[in-house]
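Engineer: Got a structure for you, written out below as structure tokens; questions coming shortly.
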Amino acid sequence: MLDNTSQLLLRHPILTPDSWLINANDALSHQAPGLPTLRAHFVYAHAAYRADDPMHTLAAELPSQTIPHAVVYVPKEKALLHMLMDNLAQYTTSGTTVHLVGHNKGGIKSVVKQLGGYWQQSEKLASGNHCLLYACTRSDQVAPPFTLASYRHSYRLAEYSNLEVFNLPGVFSEQKLDQGTQLLLDYLHQKPRPKSPQRVLDFACGTGIIGAYLRAHYPVAHLTACDISSLALNCSQHTLAAQPNTCDFELVASDGLQRIQHRYDWIVSNPPFHTGQKTDYSIAAQFFAAAKQRLHKNGRLTLVANSFLGYKDMLSPHFAKVEEVQNNNKFKIIEAWQPC
Ligand SMILES: C[S@@+](CC[C@H](N)C(=O)[O-])C[C@H]1O[C@@H](n2cnc3c(N)ncnc32)[C@H](O)[C@@H]1O
């Protein structure tokens, strides 16, 4: 089923065989009636992204290629839209039409007004199903070469060996460590260290802070960090690479644990509980069921969650032991395992 944004697009004759879908969020690139498969650039590894399709790319930045027409799915984070549009400016020539489509609630109306610079004549073309469609034109202002580095910034955590954490627009905990993640790191700080090296998975890694902390303080033999967001993985790459002399790591773009193939001794996470603005238990439910399959027999899951989330009950069908091991007034730490 296509998203409302794509359904609105299909009601207007704007797509051509040369169209690119930027920040694509569904399977429209394969389902536009009367058109061949369209180029689709994904920022998030949604289910519609096909790694084996040469028409699909998944990355923190656009492939370097001229783009004759683009439809941008407007993300809810303003800073991310500005970064995407700056990136697109480099690959479009003066006069190129770019369409923007987004959900009303995602704030499309206000962000389109603020585009300016490389983009002119934003005009509303259509609305429907709580979505809006706009068109704008590439101005003749010359765009400097786009580099992600100019959008990436970092902060240091003095209390955790001065770890340097990298961030980009649209990535969780942009300015500072999240309070839930902090409770988790404080808990890990007090926990007895295992004797043998562990294979560890940092699920929904964001900036990579949890994996980086574990590599610095635990006997980690191998670390996998996964996230649905290519921007998050780019940040994790920088956070982990900035650490001196620690174990190997790999980054995996994955919706839930779908693309995780190995088994682990330990899965540690501050898992997502939102889709857009809404609390969404389905991501956690799928993660908990899959986590059991991705753990060794005596493996362990450690996670932090907002106090109001009923994760203990959701974990119990999958793990014989589920314990809330720490909490404060906002967050709790839960551990789950199978006794041997
Ligand atoms: C609460 S943040 C935690 C980030 C990081 N671990 C930290 O503690 O700062 C949750 C992360 O989940 C990612 N995420 C959201 N939906 C996901 C999904 N379906 N599969 C994998 N990761 C997802 C987001 O991109 C975000 O980086």
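Engineer: For segment 153-168, in order, what is each residue's ³J(HN,Hα) by Karplus, 6.51 cos²θ - 1.76 cosθ + 1.60 with θ = phi - 60°, in whole Hz (x at glycine and Pro)?
Structural biologist: 9, 9, 9, 10, 10, 4, 6, 10, 6, 6, 4, 9, 10, 9, 9, 9
Engineer: Solvent-accessible area of Asp248, probe 1.4 Å, all protein chains present, reported in Å² to the nearest ten, please.
Structural biologist: Looks like 110 Å² after rounding.
Engineer: If one puts a single equal scatterer on every Cα of segment 132-195 and applies the Debye formula without solvent, what log₁₀ I(q)/I(0) results at q = 0.21, 0.23, 0.25, 0.29 Å⁻¹?
Structural biologist: -0.98, -1.06, -1.13, -1.24
Engineer: When the expected Rg is taken as 2.2 N^0.38 Å, what fraction or multiple of it is the alpha-carbon Rg of the chain?
Structural biologist: 1.06
Engineer: Also, quick follow-up: Rounded to a whole number, what % of the accessible area of segment 54-193 do carbon and sulfur atoms account for, probe 1.4 Å?
Structural biologist: Within segment 54-193, the accessible surface is 50 percent carbon and sulfur.
Engineer: Under 8 Å for C-alpha pairs, at least 6 residues apart: give me the relative contact order for the chain, rounded to a whole percent.
Structural biologist: The value is 12 percent.
Engineer: If you don't mind, another one. Cross-link list Lys195/Lys312; Lys78/Lys109; Lys191/Lys297; Lys78/Lys330; Lys176/Lys312: which exceed 19 angstrom alpha carbon to alpha carbon?
Structural biologist: Lys195/Lys312; Lys191/Lys297; Lys78/Lys330; Lys176/Lys312
Engineer: Using a probe radius of 1.4 Å on heavy atoms only, what accessible surface per residue do you get for the chain? Whole Å² is fine.
Structural biologist: Counting only protein heavy atoms, the per-residue value for the chain is 45 Å².
Engineer: So, one more: Can you tell me the dipole magnitude for segment 250-311 around its Cα centre, using point charges on the Cβ only (Lys, Arg +1; Asp, Glu -1), in Debye to the nearest 20?
Structural biologist: Roughly 220 debye, rounded to the nearest 20.
Engineer: Per DSSP H run of at least 4 residues, take -39500 (n - 2.57); add these up for the chain, divide by its residues and hand me the 222 nm value, nearest 500 deg cm²/dmol.
Structural biologist: Helix-only estimate at 222 nm: -6500 deg cm²/dmol.
Engineer: Just to be sure I follow: if Rg is taken over the C-alpha atoms of segment 4-148 and Rh is the Kirkwood radius over the same atoms, what is Rg/Rh?
Structural biologist: 0.92
Engineer: In debye to the nearest 20, how big a dipole does the chain give about its Cα centre with +1 on each Lys and Arg Cβ and -1 on each Asp and Glu Cβ?
Structural biologist: 580 debye
Engineer: Would you work out if segment 152-337 is rounded, prolate or oblate? Take a ≥ b ≥ c from the square roots of the eigenvalues of the alpha-carbon gyration tensor; rounded if a/c is under 1.5, else prolate when a/b is larger than b/c, oblate otherwise.
Structural biologist: Rounded.
The values are calculated or read from the model by the stated rules, or taken from the named source; none is laboratory data. Note that the structure is predicted; figures quoted are calculated from it, not measured. Counting neighbours? That spans all protein chains shown, and the Cβs are built from the backbone with ideal geometry, glycine included. Surface accessibility is based on the protein's heavy atoms, side chains included, excluding ligands, DNA and RNA. Shrake-Rupley method; radii C 1.70, N 1.55, O 1.52, S 1.80 Å.
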